[in-house]
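Take a look at the structure below.
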């Protein structure tokens with residue numbers, strides 16, 4: 001089906017874009033952690049951009065699933081997808097609560113986790 | 001940062017035995033990720049084909065419960081500390097015993113659990129995390145004869 005093909009053609013590059021964005025965010029957070037600085041608003045805005053891409057990705061996956069052509073292992077897929085959606089908001093909440101370098105370390109781990117989940121998502125997607 | 005200064009509790013508003021602030025955030029965050037991963041994995045395994053590897057999947061379920069418990073207990077701190085000690089200790093025993101068994105008695109584990117091969121499938125995080133957790137619980141232990149709450 002044509003729409004499915006377009007979905008495939010867009011979804012996988014989008015996943016890599018999310019992973020790249022998450023890695024950049026992780027690098028930025030790691031840098032701030034090394035400087036002994038907490039997370040700043042600009043990092044949360046960057047995280048927001050990644051989160052929007054994640055929502056777009058989830059919607060596309062849902063559309064694909066609705067056409068009856070979802071990933072073979074849909075449980076695992078949605079487990080990864082929903083988890084990846086929750087991670088950055090959780091890190092953002094902690095960024096407000098913890099105004100020390102440890103919010104940066106948490107954001108670093110959050111970014112790496114999101115990037116890793118994208119890798120797993122791409123593997124399960126096919 | 002809660003270093004030696006924070007540990008003496010001169011100005012810290014938190015009660016003693018706090019486990020979820022400062023470096024503890026990292027510990028809780030990594031625990032939360034592992035708890036979610038273990039819960040999803042065991043849920044899928046148990047619901048889909050429990051009969052394929054009953055021991056491995058049952059252990060996955062136990063591991064998931066222990067990780068969730070450890071995450072909650074570490075996030076709460078205070079009165080939850082004993083729970084955290086037990087949960088994190090259980091993980092250490094689990095990853096060592098199951099890790100060793102999965103290598104020596106592979107027939108018992110036709111499919112992997114979170115603890116197989118000492119947490120190999122999860123970048124050995126399951127092996128390192130209990131050590132970090134125990135260290136952190138010890139670091140944040142209440143001192144100075146305060147009440148055990």
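Every number here is computed from the coordinates shown, using simple stated rules; none is lab data. Since this is a predicted model, take the numbers as computed values, not measurements. Positions of Cβ are backbone-derived with ideal geometry, glycine not excepted, and every protein chain shown enters the neighbour counts.
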Inset, instruction - Under 1.5 on a/c is rounded, so check that first for the protein assembly as shown, then, if it is not, pick prolate when a/b is larger than b/c and oblate when it is not; a ≥ b ≥ c are the square roots of the alpha carbon gyration tensor eigenvalues. - result: oblate
Inset, instruction - Calculate the length of the line joining the C-alpha centroid of the range A:82-97 to that of the range B:88-105, in whole Å. - result: 31 Å
Inset, instruction - Mind checking B:41-48 for the average number of partner chain beta-carbons within 10 Å of each residue's beta-carbon? - result: 2
Inset, instruction - Springs between alpha-carbon atoms under 10 Å, Gaussian network over chain B: tell me which of B:66, B:44, B:125 tops the mean-square fluctuations. - result: B:44
Inset, instruction - Pull out a ≥ b ≥ c, the square roots of the eigenvalues of the alpha-carbon gyration tensor of chain B, then state rounded if a/c is under 1.5, prolate if not and a/b is larger than b/c, and oblate in the remaining case. - result: prolate
Inset, instruction - Express in whole angstrom the spacing between the alpha-carbon centres of the range B:62-81 and the range B:110-131. - result: 18 Å
Inset, instruction - With an 8 Å cut-off on Cα pairs and a minimum separation of 6 or more residues, tell me the relative contact order of chain B in percent. - result: 27 percent
Inset, instruction - For chain A, with a Gaussian network of springs between Cα atoms less than 10 Å apart, report the residue from A:108, A:45, A:23 with the top mean-square fluctuation. - result: A:45
Legend entry - Inter-label distance, nm, simple model (7 Å from Cα along the C-beta direction), residue A:63/residue A:45: 2.9 nm
Inset, instruction - Quick one: among A:95, A:61, A:46, which has the greatest mean-square fluctuation in a GNM of chain A with alpha-carbon springs under 10 angstrom? - result: A:46
Inset, instruction - Decide, for the range A:2-125, between rounded, prolate and oblate: order the square roots of the alpha carbon gyration tensor eigenvalues as a ≥ b ≥ c, take rounded if a/c falls under 1.5, and otherwise choose prolate if a/b is larger than b/c, else oblate. - result: prolate
Legend entry - Rounded to 10°, Cα long-axis angle of helix B:125-139 versus longest principal axis of chain B: 20 degrees
Inset, instruction - Tell me the label-point distance for the pair residue A:9, residue A:52, using the 7 Å Cα-to-Cβ offset, in nm and rounded to one decimal. - result: 2.4 nm
Inset, instruction - Compute the length gained on full extension between residue B:96 and residue B:83: take 0.36 nm times their separation in residues and subtract their Cα-Cα distance, giving the result in nm to one decimal. - result: 2.7 nm
Inset, instruction - Starting from the Cα of residue A:23, step 7 Å along the direction of its Cβ; do the same at residue B:134; then give the gap between the two resulting points in nm. - result: 3.6 nm
Legend entry - Cα long-axis angle, helix A:41-66 against chain A (0 to 90 degrees, to the nearest 10): 20 degrees
